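The values are calculated or read from the model by the stated rules, or taken from the named source; none is laboratory data. Quantities reported herein were computed from a predicted structural model and do not represent experimental measurements. Every residue, glycine among them, receives a Cβ derived from its backbone with ideal geometry; neighbour counts consider all protein chains shown.
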Amino acid sequence: MLGKLFGGNTIKAVGNIVDELYTSEEEKAAAKLAIQKVEAELKKRQMDINLADAQSTAGGISGAIQRIWRPLIGFSCALAIFWEFVFKQFLMFILATFKIETLPLPNMDLQMLMPLCMSLLGLASIRTYEKQKGINIDKK
């Protein structure tokens, strides 16, 4: 919430107000410096929150969910795509070969699934690029 409140546009608006209120260049520079210090402190606090979240060793169900939600979504996407394009096709072939009649096999709603899967693949490729270039390397 503080990030939204003190985001870039808010800081610029406050800077414009400072320009209008203070007449001397020294007063404007001092006020802008104070605003920049507040902005830097907000960014530092957000980084501290992000670091604490990343280093969390929470136990129980909430800790497990916190650590595995991305792999779980990726695995779910892979499983649904595997079902729709591989396993179901082989199963239908085998059933047709042996003339076995069954209820219709379930279809996955790939119009909802594929954008999620593609965004996960995009994030993974960005992370791979970062690792190759040495940007934001995990320190373990």
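Pairs please, first residue from the range 52-71 and of a type in the set (Gly, Ala, Ser), second anywhere and part of a helix (DSSP H, G or I) and surrounded by 11 or more Cβ atoms within 10 Å (Cβ to Cβ), Cβ atoms under 8 Å, 6+ apart in sequence or on different chains.
Between residues of the range 52-71 that are of a type in the set (Gly, Ala, Ser) and residues that are part of a helix (DSSP H, G or I) and surrounded by 11 or more Cβ atoms within 10 Å (Cβ to Cβ), the close pairs are Ser56/Gly63; Ser56/Gln66; Ala58/Gln66.
Between Ala80, Ala52, Ala58, which is surrounded by 10 or more Cβ atoms within 10 Å (Cβ to Cβ) and assigned to a helix (DSSP H, G or I)?
Details: Ala52 fails: surrounded by 10 or more Cβ atoms within 10 Å (Cβ to Cβ); Ala58 fails: assigned to a helix (DSSP H, G or I).
So the residue among Ala80, Ala52, Ala58 that is surrounded by 10 or more Cβ atoms within 10 Å (Cβ to Cβ) and assigned to a helix (DSSP H, G or I) is Ala80.
Mind checking which pairs have a first residue in the range 90-111 that is assigned by TED's automatic domain parsing to the domain that holds Ser76 and a second that is of a type in the set (Ser, Thr, Tyr), Cβ under 7 Å, 6 or more apart or different chains?
From the range 90-111, the pairs are Leu95/Thr102.
Identify all residues within the range 65-89 that are over 12 Å from Leu120 (Cα atoms), among the charged types (D, E, K, R) and at pLDDT below 85; write none if there are none.
Once the filter is applied, which keeps residues that are over 12 Å from Leu120 (Cα atoms), among the charged types (D, E, K, R) and at pLDDT below 85, the range 65-89 yields only Arg67.
Give the residue, chosen from Glu27, Glu39, that is among the acidic types (Asp, Glu), free of Cβ contacts under 8 Å to residues at least 24 places away in the same chain and surrounded by 12 or more Cβ atoms within 10 Å (Cβ to Cβ).
Numbers: Glu39 fails: free of Cβ contacts under 8 Å to residues at least 24 places away in the same chain.
Step by step, each of Glu27, Glu39 is checked, and only Glu27 is among the acidic types (Asp, Glu), free of Cβ contacts under 8 Å to residues at least 24 places away in the same chain and surrounded by 12 or more Cβ atoms within 10 Å (Cβ to Cβ).
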